[in-house]
1. Which one of these does B:A323 not meet: (1) without any contact (Cβ under 8 Å) to a residue 40 or more places away in the chain; (2) surrounded by fewer than 18 Cβ atoms within 10 Å (Cβ to Cβ); (3) in contact with a helix residue (DSSP H, G or I) (Cβ under 9 Å, 6 or more places away or on another chain)?
2. Return the residue satisfying two criteria in turn: it lies in the range B:157-181 and is at pLDDT below 85 and either outside the structural domain of B:A120 (by TED's automatic domain parsing) or under 18 Å from B:N210 (Cβ atoms) (or both), and of such residues it is farthest from the chain's Cα centre (by Cα).
3. State which residue is farthest from B:M245 (Cα to Cα) when the search covers only the range B:363-376 and only residues that are in a helix (DSSP H, G or I), of a type in the set (A, V, I, L, M, F, W, C) and in contact with a strand residue (DSSP E or B) (Cβ under 7 Å, 6 or more places away or on another chain).
4. Give me the residue from the range B:510-568 that is away from chain A (no Cβ under 14 Å) and basic (K, R) and, out of that set, surrounded by the fewest Cβ atoms within 10 Å (Cβ to Cβ).
5. Do we have B:T725 as surrounded by 20 or more Cβ atoms within 10 Å (Cβ to Cβ), of a type outside the set (A, V, I, L, M) and modelled with pLDDT under 90 here?
6. Tally time: how many residues in the range B:635-653 are surrounded by 15 or more Cβ atoms within 10 Å (Cβ to Cβ) and more than 10 Å from every other protein chain (Cβ to nearest Cβ)?
7. Tell me, yes or no, whether the range A:13-35 has at least one residue that is over 30 Å from B:L755 (Cβ atoms) and either more than 9 Å from chain B (Cβ to nearest Cβ) or modelled with pLDDT of 90 or more (or both).
8. Considering B:K693, B:K627, B:K667, which residue is within 14 Å of chain A (Cβ to nearest Cβ) and either touching a Ser or Thr at 6+ places or on another chain (Cβ under 7 Å) or in a helix (DSSP H, G or I) (or both)?
Amino acid sequence: MTTSTIIQTIVVLGIVAVALVYVLRRVIKTTRGNDCDCGCGKNCRSKKH
Amino acid sequence: MINKQDKINNTHTRLLDNEPVGMTVQVVRVMGDGAFRQRLLEMGFVRGAQVTVLKNAPLKDPVEYMILGSHISLRHSEAAQVEVTDKDAEFCDMEDAYNGIVETTVAGVDPMEDNVLRIALIGNPNCGKTSLFNCVTGAKEKVGNYGGVTVDSKEGWFNIDGRKVQLVDLPGTYSLTEYSPEEMYVRTYIRDNHPDAILNIVDAGNLERNLYLTTQIMDMNIPMVVALNMWDEMEKSGDHLDIEMMSRLLGARMVPLTAYNGHGVKEVLKAAMEAIDESEQETRHHNVNYGALIEDCLKELGEMCPTLDRYTVLKIIENDQHALELIKGQDNADLVRKTAAEMRQRIERDYNDDIVSIVTDLKYGFVRGALAEALTANPDRAIGETKPGYSMDRLLTNRWLALPILLVLMWLMFEATFTLGAYPQEWIESGIGWIGEWIGKAMPDGILKDLIVDGIIGGVGGVLVFLPQILILFFFISLLEDSGYMARAAFIVDRIMHRVGLHGKSFIPYLIGFGCGVPAIMATRTLENRRDRIVTILTIPFMSCSARLPAYLLLVAAFFTAKQGLILMSIYLIGILVAAITAIVLSKTILKHDKTQFVMELPPYRKPTARNATIHMWSKGKQYLQKMATIILAASIIVWALGYFPRHEGQTPQEQIENSYMGMMGKAIEPVVAPLGFNWQMGVSVLTGAAAKEIVVSTMGVLYTGESDATEESTSLKEKLQTATKANGEHVFDPIVAYSFMLFILLYFPCIAALAAIRREAGTKWMVFEIFYTTGVAWLVSFIFYQVARLL
């Protein structure tokens with residue numbers, strides 16, 4: 001395994017880990033509710049009803 | 001001397017539902033009780049009001065009526081609750097109800113207590129509150145030419161004269177009586193948040209109905225500015241309003257406004273700030289004068305409840321349960337309740353009517369009296385004459401042509417989406433292909449290149465190419481909404497909705513559901529009955545949302561060479577059909593209930609503006625691109641990683657992906673999806689689509705890109721699907737498999753955001769039910785279609 005391959009593998013695994021954390025956070029945020037409480041997953045300024 | 005009740009009793013009355021089309025009659029009374037009766041009264045079905053029967057819907061029910069310049073749809077069974085008489089019959093003196101105003105003194109307040117000025121936008125549905133909100137705050141909240149678009153409050157900020165102001169857009173409401181959820185929401189907001197001023201938006205072309213709500217706000221003693229929206233239409237109509245006189249009568253500033261083009265916005269805000277500044281000193285407020293008897297009662301009861309405003313005191317006399325709740329903690333609560341009951345009896349005895357009708361009549365009487373002094377109607381316009389642009393309504397809601405026109409318009413929309421969208425799609429496709437090739441050549445072989453080319457470009461690019469179609473479809477939907485046609489579509493299909501056990505009001509959430517299920521599920525809050533709400537919530541996911549569109553566009557373009565618009569339309573229609581069947585089953589079994597009565601206002605026809613349609617289209621496009629850059633990008637990377645690892649030396653790309661984690665997962669579920677004609681790649685695509693439906697396409701983009709040989713020339717996902725083969729050399733996809741796959745994508749469980757919304761609005765039990773029910777239905781429908789189509 002060359003150094004380039006090792007660095008590339010580390011970078012790719014890092015990107016995959018970030019993507020995984022992002023998706024999991026989004027899913028948790030959506031299911032638990034968010035600032036806007038509308039389930040859209042982003043702060044759309046809707047107030048809690 | 002003949003009293004009022006004798007006059008009514010001596011009047012020859014009949015029921016509104018028996019009146020023929022074209023007839024104008026006068027309202028005598030609304031029978032029954034409860035929320036529906038209250039709603040009819042508030043919408044202007046008060047004693048002496050003139051109603052014109054405009055037409056029957058194509059399926060004979062409901063009927064369109066015109067009252068106080070508004071077009072209202074009532075079913076026959078509901079119109080049968082309204083007693084009417086000849087339009088010239090003299091059975092009541094309308095002038096009796098007009099007693100002018102009374103003045104009350106309100107102490108000065110400090111509006112800067114929390115350093116924030118708060119202005120609330122309040123008005124009837126579809127009077128332009130959100131248009132003004134967007135104009136002032138620069139927001140892009142959805143607006144539509146029908147009521148019920150805003151279901152909760154939206155907050156925005158603006159600066160004026162160096163002061164920061166919070167503007168709150170509240171749902172449209174006909175009154176603050178707290179009979180329906182939106183009324184309750186607005187009333188609670190005012191009570192809990194004490195806005196520094198109320199900006200009451202009224203439709204200048206329909207003042208009589210709109211000012212009813214104004215009379216309620218007047219009694220709350222909150223600084224108020226009345227914005228006369230759609231002033232341009234008022235001027236065109238030839239009517240003349242003496243704004244100064246009207247302002248004097250209401251005791252509130254009135255400012256002309258045309259919110260959609262921003263004319264008058266500055267003046268409206270300036271007037272609101274002046275009203276707030278004035279409220280810091282002791283001010284004289286104008287209130288409706290309800291006549292000596294009621295005024296005496298209000299004074300006496302007001303002294304017993306010094307902390308309550310005039311509106312709430314009147315509500316206590318009306319025996320309003322929410323108002324009575326407010327005095328629970330008071331020491332003299334029992335005495336207040338007893339006194340109010342005695343007063344109510346006295347008033348009802350004197351007026352010979354029930355208290356709700358009396359107060360509504362008096363409020364409308366005040367509005368009529370004020371308008372008689374300040375409004376000069378165009379003498380060339382006759383009673384019952386419809387608004388401009390209404391002539392085409394005869395064609396659009398014609399008994400025989402209405403449904404075919406609705407279907408043709410839908411078909412045209414889908415066909416245009418395909419044909420017009422094909423050109424920009426090709427450009428984006430070649431752009432993405434070029435980027436992929438360039439990166440492929442520029443980067444050395446390795447895992448990073450595979451991630452960028454196969455994972456990111458293959459996944460995100462596969463979905464991005466459908467941006468033009470999304471924009472075109474929403475441009476057309478926006479045109480139809482703004483023109484007022486969508487509300488007519490609800491009128492046309494109302495009888496069908498009623499037959500399948502759905503509430504007429506459900507139409508608006510369904511309409512929103514074609515865009516996104518989450519706001520659609522929230523929009524069911526306007527339904528009063530919980531069972532109606534649950535049925536609507538559970539059927540909304542069958543309205544195909546825009547996130548599913550890329551999958552249809554990909555499959556239709558790849559496997560159907562002719563009649564593409566028709567094929568796409570059939571998918572949407574099947575969704576509607578399954579929703580209807582589900583609604584019938586649910587409303588006749590586990591969610592059985594009596595039909596809720598419903599009155600719907602039909603908005604006027606308006607020329608859609610390119611600006612509004614472009615804003616709507618742009619906001620949809622922005623949402624789509626944001627999704628690309630976030631959830632779809634992240635999901636594509638994960639799908640790629642699951643399809644890339646573990647690595648096996650010496651295997652072909654196809655063998656590698658089959659032995660990957662994704663391949664193992666796909667093989668595990670393959671037996672379940674094989675009877676539907678799906679391979680394992682399609683199986684995992686629908687699984688990953690749970691996060692967001694666009695991911696179905698991005699997953700296929702990753703899986704099919706990963707499978708292709710490195711030496712193979714770069715081709716689009718469409719071509720890859722067309723050429724994909726099984727181990728035995730047969731094509732994976734053909735039109736039957738593609739259609740079966742589209743049916744499954746249409747019907748299977750909604751995305752996580754929609755499920756979360758279902759849980760919040762209906763509860764966990766119904767969310768779990770929805771997951772199993774929708775997936776079961778999807779599997780069954782796809783299975784039947786695939787197996788039957790294979791036999792034929």
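1. All conditions pass for B:A323, except number (2).
2. Step one: list which residues in the range B:157-181 are at pLDDT below 85, which gives B:161-162, B:177-181.
Checking which are either outside the structural domain of B:A120 (by TED's automatic domain parsing) or under 18 Å from B:N210 (Cβ atoms) (or both) leaves us with B:177, B:180.
Working: B:T177: 21, B:S180: 15 Å.
Going through the qualifying residues, I end up with B:T177.
3. Kept after step one, since they are in a helix (DSSP H, G or I), are these residues of the range B:363-376: B:363-374.
Subsequent filtering for residues that are of a type in the set (A, V, I, L, M, F, W, C) retains B:366-367, B:370-372, B:374.
Adding the requirement that they be in contact with a strand residue (DSSP E or B) (Cβ under 7 Å, 6 or more places away or on another chain) leaves B:366, B:374.
On the way: B:F366: 14, B:A374: 6 Å.
Among them, the one singled out is B:F366.
4. Ranking the qualifying residues of the range B:510-568, first place goes to B:R530.
5. no
6. 2
7. Yes: the range A:13-35 contains one or more residues that are over 30 Å from B:L755 (Cβ atoms) and either more than 9 Å from chain B (Cβ to nearest Cβ) or modelled with pLDDT of 90 or more (or both).
8. Matching residue, one of B:K693, B:K627, B:K667: B:K627.
The values are calculated or read from the model by the stated rules, or taken from the named source; none is laboratory data. A quick note: this is a predicted structure, and the numbers were derived from the prediction, not measured. Heads up, the Cβs are rebuilt from the backbone with ideal geometry, glycines too, and the neighbour counts pull from every protein chain shown.
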